[in-house]
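J.: The structure follows.
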Amino acid sequence: MAIAMRVRAGSGEIKVLMTHPSENGLRKDAKSGQLIPAHFVKNVVVAINGKNVMTGHWGGGISKDPYLAFKVKGMKAGDKVTVSAEDNTGDKGSVDATAS
Amino acid sequence: MNRHRRTFLQGATSAGLVATAIAAGLLKPGQVLADWNAAGFGATKTADALAAIGGSGAAESKDITIKAPDIAENGAVVPVEVVTTLPNVESIAILGEKNANPLIAQYMLTDFDGTLATRMRMGQTANVRAVVKAGGKVYTAAKEVKVTVGGCGG
């Protein structure tokens, strides 16, 4: 299943909000008592006009529905911001946004 | 530069090939980290995680501020913001020192402008630590967050 996400870019800041369970593999299902298998985003890559500005590596310690925001120098209105993500099961997602 | 080399050597000793791969990335600042750091993310102690990411012996820095709640009622979602005035930031790592796996995230950065925010799980009251590599050196800062209800299961 594709990783869904929303990306906003503008005023020198890029914000990403994903929809993902981010299970760390340590939590138990309340009903069955069984461990819930690890399922978390491992890699996040952000590029501006094709140039990498951030590569993020995550563990299961990232909260459910992962959020990331950071400031970057030199981003201008109209720049194409691409965010790509991949989780530990091989699911991927990629979203383009135009900086305002 | 010497400290950087030393950190690299310690990391390589304790974490083997993975640390070597990361060190290879460190030698080319601004480039993409080669691989997800299995030794770092799998470490169960902060000291081991720091060694795996080349953060052992990092200098405490007042140029790094961690913005996080003093008390987090819900450990499942703890907002953390790292703000630094250090120039030439190459990477930022975020750790929860008493989490089952302390290493939460690692970011390699180019043209970074001083602020990075994310949300993390915390199992219990502990220091949130940031490790910032800038200009070939490693700096660190920590802030204690009191957790009312842990968010890591167990």
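J.: Let me know the volume per residue of the alpha-carbon convex hull for the range A:4-98, in Å³.
T.: Values: hull volume 8.1 nm³, N = 95.
With only Cα atoms used, the range A:4-98 gives 86 Å³ per residue.
J.: Sort B:105-116, B:141-152 by packing, meaning the average of other beta carbons within 10 Å per residue, with the highest value first.
T.: Highest to lowest by the protection proxy: B:105-116, B:141-152.
J.: For the protein assembly as shown, take the convex hull of the Cα atoms, compute a quarter of its surface area, and give me that in nm², please. Don't skip to the answer; put the middle values down first.
T.: Details: hull surface 51.3 nm².
Mean projected area for the protein assembly as shown: 12.8 nm², to one decimal.
J.: While we're here: Defining a contact as two alpha carbons under 8 Å apart and six or more residues distant in sequence, what relative contact order in percent does chain A show? Write out the running numbers ahead of the final one.
T.: Working: 251 pairs, mean separation 35.3, N = 100.
The normalised contact order for chain A reaches 35 percent.
J.: How much length would be gained if the chain were fully extended between A:Met1 and A:Lys76, taking 0.36 nm per residue of separation minus their Cα-Cα distance, in nm to one decimal? Can you show the working numbers first?
T.: On the way: separation 75, 0.36 × 75 = 27.00 nm, distance 3.26 nm.
Here the segment from A:Met1 to A:Lys76 would lengthen by 23.7 nm.
J.: Next question, about the same structure. Give me the distance between the Cα centres of the range A:8-85 and the range B:91-108, rounded to whole Å.
T.: The two parts, judged by their Cα centres, are 14 Å apart.
Quick note: the coordinates plus some simple rules give every number you see, no bench work behind them. What you see is a predicted model, and the numbers here were worked out from it, not measured in a lab. Every residue, glycine among them, receives a Cβ derived from its backbone with ideal geometry; neighbour counts consider all protein chains shown.
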